[in-house]
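Structure record follows, encoded as structure tokens.
The values are calculated or read from the model by the stated rules, or taken from the named source; none is laboratory data. Given the structure is predicted, the values throughout are model-derived calculations rather than measurements. Neighbour counts run over all protein chains shown; Cβ positions are idealised from the backbone, glycine included.
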Amino acid sequence: MKRKTSLPAVFLIPPLIVLAILAFVPTIAAVNIALQNRELSFPNSSYVWLANFIDLFGDRRFINAIWISLIWEVVTVTATMLVAVLLAIFLFERASPRMRRLISILFIIPVMLPRVSAAFVWKFMFNPLFGLINYPIKLLTGAPIDFLSLPATALASVAVVDVWQWGLFFSVIILKLLETLPPQPFEAARLDNAKTWEVHFYIGIPMLAAPLISLVFVKMVESLRAFDLIYVMTRGGPGIATETLDMYAFSQGFVEAGKISYASSMAVLMMLATIIAFTILWKWVRKWQ
Amino acid sequence: MLRKSYCVALLGGASLLVFANIANAQICTSTVRVLAQPRDSLTLLESYKDEFKKLSGASFEFDYLNENDRRAKSRAEAATTGKYNVYYIDEANVALFAESKWIVPLLDYYPADANYDDFDAGRKKVASYNGVAYFAPIQGGGDLLYYRKDVLEKAGITPPKTLEEYEAALAKLNDPAKGFYGTALRGGRGSGANVWRWMTYFKAFGGQWFVDGKPAFNSDAAMKATETYLRLFKYSAPGTQTGSWTEVTEAFNSGNVAMIIESSPLAGQTEDPKQSSVAGKVGYTVPPRPLVGGGYGHGLAIGAKANADDAAKKCAGAFIAWATSKQNEERRLEQGIFGDINRTSVINSDAFKKKYGAEIGNALNETAQYTDVNFWVNADWPDLGDRWGIILEELITGTRTDVKGGLDELEAYANKLIARR
């Protein structure tokens, strides 16, 4: 016989209230500011309702920022997962357990570096006059490549740093996951003369589908927060070639114009787009599983 | 030795006299909080904290942010919480801060015996808005043409006096195959970055920002200035297309560049062997005509919100007077902090001439007559200037090519800015 108790409510309600305050107060404040014409240099403001949102869709930098954010998200998530899976499989197949442990430690170091430090280190490495990366290029071609100033290479160069941090870290996680799998299916496949890539493509990766999907979601959220990396390395340049939505919102709110209502309207749209996209993806993944 | 001790004693005595009234009144009751950007002169001040405490009764605290972040943070901070007693501001945002009443007129609280008139006239000009002084200068100056004497001599080129001669010299000296470049220009976005250098061409060709309150910059002068600036990038070192002061000065000081037109504080770095590989090899003169050097100044201003009453404002004023005093400028001179010397009595002193030689001093004096306030003196200038900075960076890096389209876009934006005031 079940006895009714109020204990779960006693424990659950206070943290839920705290969480609700933390989640809803800033959100409501952001929506409220987005409906006004508040600027830092004007003491007064009034409600303009949807005017900021309408202006956004006539703003070429906003449209550009949507595209750049989408490209950044797709490129960094895909590249991180590819690098992580391939490296993990390579280490699983070729490295001794002792070597794997050593490499795992080395691979974790990049993600432990603060983003800003990593960005400064790589910015200097990409420097066309003094950078390490340009040294062999200058020897081979006679001229350096200004990776961070060229529209064709700037976003990819920043993405390299992101993948360097997260791809290596994820490869360690996937390696450890591979080590936990039962060896029998692998042995059976090898007895049937399956090649290494076939063993992993048809057996290893499908067995790890659930944790891999979780890693994809973690990386998707993390990629949305790449502001510091881009800000230090390119400040959104050359021109607006690496200007993501968060970069543009920050720029409008605090760097260039002090238009905090306009910046808030971007933040609100970003929040809505993220909620919708993640809900659809989550439902799709659950159906697929 | 005896003479040096005598001078130090005299300086100390003079400083005590200046602040005698402050010391007696124990003018400060709490720590003076300052939002600033890193400068060697401010770091030097921190080693004399006890001196200020003895004079005023309280200490001070700096929060440092690099230039762009300092601009962004100080605007947001002054508009909202306003917890800083003193703001480090610059010529580009003095109008915004003054008009928004985030700072108060300086001279109302700056002790008369601290001699504000001693500051260089150009710096006092950019520190004022509508004829009222708002900050005491920490750094400032105009433009100089810096050239590698050894390189120009080897190539048989005399320092260019006109823009045509300058461009011809750049073409001759530029040798990317050997990793050597004609010049280093600021391409990175910002009213204080690429736009700052572009404005010297804009003004040279007769450009004006506004006439009778209407935008006038979408003109032949702006077209010609932009086309000239873009053309010169053919000779600019790699990395400068999205770079600013740091990138261009590093390129020059590392010995990869023949000539550079930059703000005058660079001279101090260039002649410092610890920071420069070209020390002793550089010549200094005025920028080629008809370029109009960009007069600029950064300094300390009294915050309005954090200093709620007159006593607090007087304390902030006393701190600024001490921080920008002749005594502290002489300490900077002794330490070789060239860029942060602003008082005419120090610039024209024998000690200055002895330290930096006659050539730099002469170039500084000569360039003053070709220096002007090139930007639009208005609270909306940072916004308009930064918007043009983005468009200009797009043009420099080739992500857009229509100069006229860029100017049209800027004009539409300027009209929007004016309409909302």
*A:Pro43 passes all but one of (1) loosely packed, with under 13 Cβ neighbours inside 10 Å; (2) closer than 21 Å to B:Ala379 by Cβ; (3) in contact with a strand residue (DSSP E or B) (Cβ under 9 Å, 6 or more places away or on another chain); which number fails?*
(3)
*the stretch A:25-40, residues that are closer than 26 Å to B:Lys101 by Cα and surrounded by fewer than 11 Cβ atoms within 10 Å (Cβ to Cβ)*: none
*Of the numbered conditions (1) of a type outside the set (Phe, Trp, Tyr); (2) away from chain A (no Cβ under 14 Å); (3) under 28 Å from A:Arg235 (Cβ atoms); (4) buried (at least 20 other Cβ atoms within 10 Å of the Cβ), B:Gly317 satisfies every one except a single condition; which is it?*
(3)
*Return yes or no: is A:Asn52 modelled with pLDDT of 95 or more and not aliphatic (A, V, I, L, M)?*
yes
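State all residues of the stretch A:272-285 that are among the β-branched types (Val, Ile, Thr), under 26 Å from A:Tyr47 (Cβ atoms) and either modelled with pLDDT of 95 or more or out of contact with any helix residue (DSSP H, G or I) (no Cβ under 9 Å at 6 or more places or on another chain) (or both); if no residue qualifies, say none.
Step one: list which residues in the stretch A:272-285 are among the β-branched types (Val, Ile, Thr), which gives A:274-276, A:279-280, A:285.
When the remaining residues are screened for being under 26 Å from A:Tyr47 (Cβ atoms), the result is A:274-276.
If the condition is that a residue be among the β-branched types (Val, Ile, Thr), under 26 Å from A:Tyr47 (Cβ atoms) and either modelled with pLDDT of 95 or more or out of contact with any helix residue (DSSP H, G or I) (no Cβ under 9 Å at 6 or more places or on another chain) (or both), then A:Ile275, A:Ile276 are the ones that fit.
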*Residues of the stretch B:386-420 being more than 9 Å from chain A (Cβ to nearest Cβ), among the charged types (D, E, K, R) and under 27 Å from B:Asp90 (Cα atoms), which ones?*
B:Glu411, B:Lys416
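Got at least one residue in the stretch A:223-230 being closer than 30 Å to B:Val257 by Cα, within 14 Å of another protein chain (Cβ to nearest Cβ) and either under 26 Å from the mean Cα position of the chain (by Cα) or modelled with pLDDT of 95 or more (or both)?
So far as the stretch A:223-230 goes, yes, one or more of its residues are closer than 30 Å to B:Val257 by Cα, within 14 Å of another protein chain (Cβ to nearest Cβ) and either under 26 Å from the mean Cα position of the chain (by Cα) or modelled with pLDDT of 95 or more (or both).
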*asked:* As an exercise: evaluate A:Tyr262 against (1) within 25 Å of A:Arg115 (Cβ to Cβ); (2) within 12 Å of chain B (Cβ to nearest Cβ); (3) crowded, with 22+ Cβ neighbours inside 10 Å; (4) touching a residue at least 12 places away in the same chain (Cβ under 8 Å) and give the number of the one condition it does not meet.
replied: (1)
_Which numbered condition A:Leu269 fails, given (1) modelled with pLDDT of 95 or more; (2) surrounded by 20 or more Cβ atoms within 10 Å (Cβ to Cβ); (3) assigned to a helix (DSSP H, G or I)_ = (2)
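Test of understanding: among A:Ala34, A:Ala95, A:Ala88, A:Ala23, which residue is under 30 Å from the mean Cα position of the chain (by Cα) and closer than 30 Å to B:Pro382 by Cβ?
Values: A:Ala95 fails: closer than 30 Å to B:Pro382 by Cβ; A:Ala88 fails: closer than 30 Å to B:Pro382 by Cβ; A:Ala23 fails: closer than 30 Å to B:Pro382 by Cβ.
After applying the criteria, what remains is A:Ala34.
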*Return a yes/no flag: does the stretch A:194-203 have any residue that is at pLDDT 95 or above, crowded, with 22+ Cβ neighbours inside 10 Å, away from chain B (no Cβ under 14 Å) and in a helix (DSSP H, G or I).*
yes
*Qualifying position, being surrounded by fewer than 18 Cβ atoms within 10 Å (Cβ to Cβ) and at pLDDT 90 or above, among B:Ala311, B:Ala368*: B:Ala311
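Answer yes if at least one residue in the stretch B:326-343 is in the same structural domain as B:Asp118 (by TED's automatic domain parsing), of a type in the set (A, V, I, L, M, F, W, C), in contact with a Ser or Thr (Cβ under 6 Å, 6 or more places away or on another chain) and surrounded by 14 or more Cβ atoms within 10 Å (Cβ to Cβ), and no otherwise. Let's see the steps before the verdict.
We begin by selecting, within the stretch B:326-343, every residue in the same structural domain as B:Asp118 (by TED's automatic domain parsing); these are B:326-343.
With of a type in the set (A, V, I, L, M, F, W, C) added as a condition, the list becomes B:333, B:337-338, B:341.
Checking the rest, the ones that are also in contact with a Ser or Thr (Cβ under 6 Å, 6 or more places away or on another chain) come to B:337.
Restricting the remaining residues to those that are surrounded by 14 or more Cβ atoms within 10 Å (Cβ to Cβ) gives B:337.
Yes.
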*Going through the stretch B:393-421 one residue at a time, which ones are out of contact with any Pro (no Cβ under 9 Å at 6 or more places or on another chain), over 19 Å from A:Gln252 (Cα atoms), without any contact (Cβ under 8 Å) to a residue 12 or more places away in the chain and not β-branched (Val, Ile, Thr)?*
B:Arg400, B:Asp402, B:Gly405
*Would you tally the residues in the stretch A:1-50 being part of a helix (DSSP H, G or I) and of a type outside the set (Gly, Ala, Ser)?*
22
*Considering only the stretch B:244-256, state which residues are in a loop (DSSP other than H, G, I, E, B) and within 8 Å of chain A (Cβ to nearest Cβ).*
B:Ser254, B:Asn256
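Name the helices (runs of 4 or more DSSP H) wholly within the stretch B:152-236 that hold at least 1 residues that are within 14 Å of chain A (Cβ to nearest Cβ)? It would help to see each step written out before you state the result.
Values: elements: B:163-173, B:194-204, B:220-232.
The qualifying helices (runs of 4 or more DSSP H) are B:194-204, B:220-232.
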*Scan the stretch A:82-103 and report the pairs whose first residue is over 21 Å from A:Leu215 (Cβ atoms) and whose second residue is among the β-branched types (Val, Ile, Thr), with Cβ atoms within less than 6 Å and a gap of 6+ or a chain change.*
none
*Among the residues of the stretch A:181-190, is any among the aliphatic types (A, V, I, L, M), within 11 Å of chain B (Cβ to nearest Cβ) and assigned to a loop (DSSP other than H, G, I, E, B)?*
no
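Consider A:Ser171 carefully, then state whether it is within 14 Å of another protein chain (Cβ to nearest Cβ), in contact (Cβ under 8 Å) with a residue 40 or more places away in the chain and among the hydroxyl-bearing types (Ser, Thr, Tyr). Give the derivation first.
Values: within 14 Å of another protein chain (Cβ to nearest Cβ): no; in contact (Cβ under 8 Å) with a residue 40 or more places away in the chain: yes; among the hydroxyl-bearing types (Ser, Thr, Tyr): yes.
Spelling it out, it is not the case that A:Ser171 is within 14 Å of another protein chain (Cβ to nearest Cβ), in contact (Cβ under 8 Å) with a residue 40 or more places away in the chain and among the hydroxyl-bearing types (Ser, Thr, Tyr).
For the stretch B:339-385, name all the residues that are away from chain A (no Cβ under 14 Å), small (Gly, Ala, Ser) and closer than 24 Å to B:Ile261 by Cβ. Please lay out each step first, then the result.
Kept after step one, since they are away from chain A (no Cβ under 14 Å), are these residues of the stretch B:339-385: B:339-377.
Retained after the next criterion (residues that are small (Gly, Ala, Ser)): B:339, B:345, B:349, B:351, B:357-358, B:361, B:363, B:368.
Hits for the stretch B:339-385 are B:Gly339, B:Gly357, B:Ala358, B:Gly361, B:Ala363, B:Ala368.
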